[in-house]
Amino acid sequence: MARRMTSGDLTLGAVVVRLEEREREIAAQAEETREQITRLTAVLAELGRAAEEVRSTRKTLLELPDPAPPAPSASAAELPEGAAYQEIMVVFAQADGPLRARGVCEAMDLDPAPNNINNVRLKLKRLAGRNILAETEPGLFALPRPYPSVKQP
């Protein structure tokens, strides 16, 4: 309303009507915004509950006792089935020191994509569980000393 009001323009009653209409529009927008906030608050609360469940599950799993180490047996040093395990052992036989899953992927000419790295890491963990490899620190693997007898291809 940048223009001047003259007697021929709007009457005071017309201005009041326009103000009341604007007030109703603002009240409707405010109500819609409150409803959105209510919906978003409910979503946020649900996400908080889900995150708490994940934290609780993780805490419970971390508190579980480690399983007893398997009794040593003649088959403990046997490689699992699969050519990938043989390739991994060749990589470690040629390595100058401990390796991480990414380094094993690179040595095997695998694309160091997350899926490949995770698959190799699982295999490394399995080999460490069989005492074929040693996990010298989390995620770092090496041949144990003394070296187990491993058939190379």
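Counting other Cβ atoms within 10 Å, which GluC sites (Glu not before Pro) in region 6-46 have at most 13 and lie in a DSSP loop?
Qualifying residues, ordered by number: none.
Residue 32 to residue 119: extension gain in nm, 0.36 nm per residue of separation minus the Cα-Cα distance?
Gain on extension, residue 32 to residue 119, equals 26.4 nm.
Got a sec? What order do 123, 59 fall in by accessible area at 1.4 Å, biggest, i.e. largest, first?
Listed by decreasing accessible area, they come as 59, 123.
Between residue 14 and residue 83, what is the spin-label point distance in nm, taking each point 7 Å from the Cα along the Cα→C-beta axis?
About 8.8 nm separates the two model spin labels.
Estimate the FRET efficiency between residue 63 and residue 102 by the formula 1/(1 + (r/R0)^6), using the beta-carbon distance for r and 41 Å for R0, to the nearest 0.05.
0.85
Convert each backbone phi in region 92-102 into a coupling constant with the Karplus relation 6.51 cos²θ - 1.76 cosθ + 1.60 (shift: θ = phi - 60°), then list the ³J(HN,Hα) values in order as whole Hz, x for Gly and Pro.
Each residue's phi maps through the Karplus curve to give 5, 5, 9, 6, 8, x, x, 10, 9, 4, 4 Hz.
Please give the FRET efficiency for residue 126 paired with residue 56, using the beta carbon to beta carbon distance and R0 = 22 Å, rounded to the nearest 0.05.
In this case the efficiency is close to 0.15.
The values are calculated or read from the model by the stated rules, or taken from the named source; none is laboratory data. If you're wondering where the values come from, they're calculated on a predicted model, not measured in any experiment. Please note: Cβ atoms are built from the backbone with ideal geometry, for glycine as well, and neighbour counts cover all protein chains shown. The area values use the complete protein model at the heavy-atom level, side chains included, leaving out ligands, DNA and RNA. Shrake-Rupley method; radii C 1.70, N 1.55, O 1.52, S 1.80 Å.
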